[in-house]
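The values are calculated or read from the model by the stated rules, or taken from the named source; none is laboratory data. Predicted model only: the values in this text are computed from it and were never measured. With ideal geometry, Cβ positions are generated from the backbone for all residues, glycine too; neighbour counts draw on all protein chains shown.
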Amino acid sequence: MTPAKPSPHTTTTDTAPLAEPRVFLVGGAVRDALMGQTTSDRDWVVVGATPEHMASLGFHPVGADFPVFLHPLTQEEYALARTERKTASGYHGFSFYAAPDVTLAQDLARRDLSINALAIAYPETLAQVATSRSDRWQPDLTAVIDLFDGVADLQAKRLRHISAAFSEDPVRILRLARFHARWPDFSVDPTTHTLMHRMVDNGEVGALVAERVWQELAKGLMATQPSRLFETLRACGALRVLLPELDALWGVPQRADYHPEVDTGIHAMMVLDMCAQLDCDLTTRFAALCHDFGKGTTPADVLPRHTGHEERSLALLRDVCVRWRVPKHCRELAEVVAKEHGHVHRCKDLSASATLKLLERCDALRRPARFQQVLRACECDARGRLGLTEVPYYQADWLNTALNQAQQVDTQAVAKRAMQDPAYAEGKGDWIAAQIHAARLSALAPLFNA
């Protein structure tokens, strides 16, 4: 989207002092409106009010120690204007000051990027806001309060920090990288890049908490061009701290006959962008991200071959999942893709028995929907290569045909017959499982004998 041009009516002055408390729409909602994009989240700042005043109007405090309140009708969050001061390294070491004398300018100055420090005044007083549906209000884009040249940066498609206070919160590095993935045609201001690099060198990134890292990584993975997230983190040195398993892939060669792009890091980014092109879900994108981690640990004397990288990838991605507390469903799919993507790629060369075993290892018969995620991640791996982005992934059709054949077996009927066999008394459950496996193998046979 092309940002709206700055209006001659855009305000560039502070709004203090105020005769009575006022409400302002701030941040991403204003930014997205200027870019012609819709947003479901609106951030509101209240200037000139106290917690007691907010409560008296029906606003409900979110917590006892933070000045954020829920609107009595819309349940949207309204935060008192505040300033912040860093008290320790990392994300959690902050103290804040929220009082009626904090101005809008002071509140906006603590934000990360100029494009996120935009505001528009709500036309009614705080008391009127409490009884109105402010979530339905359409802001006047000719009355933007722009104290830090955020509109100009939108026009220039530039991600630029507001002040040195950016360096106080390492999460901002992740947020900027995530914004870069959302708007890949934007650039990072050189001064901001330098500041990010300095933050990494000072050890700030190493103090990040797992929940925030995963939250930002997940959002970036779901962005328009997720490769930008990791390329931006790599450019400032943060990737080697947060995801050394991924950072290690750049400069590692692969066989050019399979990977015309050669470089494993470049391939990893192409796979992620293919995930975005195919509109994959987060679970699939995370699996695609991790599938080749093991190639970063291949001994130099065997390159460009990567024999056994699947098992190494599995161990490394498990470390990542523990470190950043990755949700269980993401970890489980990533494990299957890491172990089996090579077999999926070569499935047409497998026998009926090996094909059935592959389906069983992928748990395709019990979890067919998840198996589709496995196939989609493998497709992104196959098409995320130089010159191969448009090549159809026939393996998915073949394995789905095999799965459909195996699913035709009436397992209850097979189990009933198996229980009547004398061998059942000795093997019981194992005997039944063996008979079901044999029946499914028979069902697959016509595909391989054709």
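Any residue at all in the range 71-83 that's surrounded by 19 or more Cβ atoms within 10 Å (Cβ to Cβ), in contact (Cβ under 8 Å) with a residue 60 or more places away in the chain and more than 17 Å from HIS53 (Cβ to Cβ)?
No, the conditions are met nowhere in the range 71-83.
Residue check: is ALA98 crowded, with 17+ Cβ neighbours inside 10 Å and modelled with pLDDT under 90?
Yes: the conditions hold for ALA98.
Yes or no, residue by residue, for (1) free of Cβ contacts under 8 Å to residues at least 40 places away in the same chain; (2) closer than 28 Å to GLU261 by Cβ; (3) in contact with an Asp or Glu (Cβ under 8 Å, 6 or more places away or on another chain):
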site: ASP349; (1), (2), (3): yes, yes, no
site: TYR394; (1), (2), (3): no, yes, no
site: THR411; (1), (2), (3): yes, no, no
site: ARG440; (1), (2), (3): no, no, no
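Being in contact (Cβ under 8 Å) with a residue 40 or more places away in the chain, closer than 28 Å to GLY58 by Cα, surrounded by 15 or more Cβ atoms within 10 Å (Cβ to Cβ) and touching an Asp or Glu at 6+ places or on another chain (Cβ under 8 Å) narrows it down to one residue among SER134, SER114; which is it?
After ruling out the rest, the residue left standing is SER134.
Filter the range 360-384 for residues that are over 22 Å from the mean Cα position of the chain (by Cα) and among the basic types (Lys, Arg); which is farthest from HIS341 (Cα to Cα)?
Checking each candidate, the answer is ARG366.
Would you tally the residues in the range 269-292 being surrounded by fewer than 16 Cβ atoms within 10 Å (Cβ to Cβ) and either in contact with a strand residue (DSSP E or B) (Cβ under 9 Å, 6 or more places away or on another chain) or assigned to a helix (DSSP H, G or I) (or both)?
Counting residues in the range 269-292 that are surrounded by fewer than 16 Cβ atoms within 10 Å (Cβ to Cβ) and either in contact with a strand residue (DSSP E or B) (Cβ under 9 Å, 6 or more places away or on another chain) or assigned to a helix (DSSP H, G or I) (or both) gives 1.
Taking the condition of being at negative phi, surrounded by 18 or more Cβ atoms within 10 Å (Cβ to Cβ) and not aliphatic (A, V, I, L, M), how many residues in the range 147-169 meet it?
Summing the residues that are at negative phi, surrounded by 18 or more Cβ atoms within 10 Å (Cβ to Cβ) and not aliphatic (A, V, I, L, M) in the range 147-169 gives 9.
So if I check each of THR264, THR297, which one is of a type in the set (Val, Ile, Thr) and over 20 Å from HIS343 (Cβ atoms)?
When all the criteria are applied, what remains is THR297.
For the range 104-158, give me each residue that is closer than 30 Å to PRO190 by Cβ and in a loop (DSSP other than H, G, I, E, B).
ARG110, ARG111, ASP112, ALA117, LEU141, VAL144, LEU147, PHE148, ASP149, LYS157 - these are the residues of the range 104-158 that are closer than 30 Å to PRO190 by Cβ and in a loop (DSSP other than H, G, I, E, B).
Of everything in the range 303-326, what is without any contact (Cβ under 8 Å) to a residue 12 or more places away in the chain and either buried (at least 16 other Cβ atoms within 10 Å of the Cβ) or closer than 21 Å to LEU221 by Cα (or both)? Give them in sequence order.
Within the range 303-326, just VAL322 meets the criteria.
Consider the range 24-67. How many of its residues are in a helix (DSSP H, G or I), of a type in the set (A, V, I, L, M, F, W, C) and surrounded by fewer than 18 Cβ atoms within 10 Å (Cβ to Cβ)?
Of the residues in the range 24-67, 1 are in a helix (DSSP H, G or I), of a type in the set (A, V, I, L, M, F, W, C) and surrounded by fewer than 18 Cβ atoms within 10 Å (Cβ to Cβ).
Could you tell me which residue of the range 43-73 is nearest to ARG175 (Cα to Cα), considering only residues that are touching a Lys or Arg at 6+ places or on another chain (Cβ under 8 Å) and at pLDDT 90 or above?
Step by step, filter the range 43-73, then rank; the result is VAL46.
Quick check on my filter: what residues within the range 159-169 are closer than 25 Å to MET222 by Cβ and assigned to a helix (DSSP H, G or I)?
Hit for the range 159-169 is PHE166, nothing else.
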